[in-house]
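First up is the structure itself, then whatever we jot down about it.
Derivation of every value follows stated rules applied to the coordinates shown; laboratory data play no part. This one's a predicted model, so the numbers in the text were calculated from it and none came from an experiment. Note that each Cβ is placed from the backbone with ideal geometry, even for glycine, and that neighbours are counted across all protein chains shown.
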Amino acid sequence: MNRADREFVERVNRSYTFTNQFLYYGIEIRPQITWASAAAGEFIAEWLVTAEHINAAGCIDEGCLGTVTDNTTAMLIGSLLGARGNSVSTSISIQALTPIRPNTRVEIVCRLSSQSSKQPHATATFKDKCDGRVYAIGSHTKFFKAGLSETQPRL
């Protein structure tokens, strides 16, 4: 990675806050960013999926996928476009595609697919680090508007 991309990784890692600590039912889920390109508008994070992340159908739990999709794509959007002001999510969707085994290392490929000035959009693809099999996909659209205020309480 070049210097700009290393700085991008640092910006993304700094974007972890108390309110987006990847908590899901008390389980801390914190993918580690391993590669990034600010110019391409994407990063790759790694996550070890354990038995507690898997539902009865053998897929990554959809609530867990929603949490990780929301936070990773929000970090990407915020790190690249956050100077536009506060934002809210207008759409988040996820889909578990195929069963996964416990203790599988997954790469989460996050890509900014639209840099719209008001509604940027990013995707997340959850794939096996070893063989590239896609386990799930996610999509996230944000809305930026001057004057939005933060209403989430600080605990």
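With the simple spin-label model, which puts each label point 7 Å out from Cα in the Cβ direction, the Asp131 to Thr34 separation comes to 1.7 nm. Computed over region 74-130, the range of Cα coordinates on each principal axis works out to 40, 18, 16 Å, biggest value leading. Straight Cα distances below 14 angstrom link Lys127 to the aspartates and glutamates Glu46, Glu107, with same-chain residues fewer than 8 positions distant left out. Here's how it looks for Asn86: its modeled amide H is under 5 Å from those of Lys145, Gly147, Leu148, which are all 5 or more places away or on a different chain. With kT/(6 pi eta Rh) evaluated at 25 °C and eta = 0.890 mPa s, and Rh the Kirkwood radius from Cα pairs, region 27-108 diffuses with a coefficient of 176 µm²/s according to Stokes-Einstein. Database remark: amide H of Asp61 closer than 5 angstrom to the amide H of Ile54, Asn55 (H placed geometrically; neighbours at sequence offset of 5 or more, or on other chains; Pro and chain starts carry no H). Near the amide H of Arg133, within less than 5 Å, lie the amide hydrogens of Asp128, all on another chain or at least 5 residues away, with H placed in the peptide plane.
Couplings 3J(HN,Hα) of region 53-70, computed from phi: 9, 10, 8, 5, 7, x, 9, 4, 3, 5, x, 5, 4, x, 4, 5, 4, 4 Hz, in residue order, whole Hz [Karplus 6.51 cos²θ - 1.76 cosθ + 1.60, θ = phi - 60°; x for Gly and Pro].
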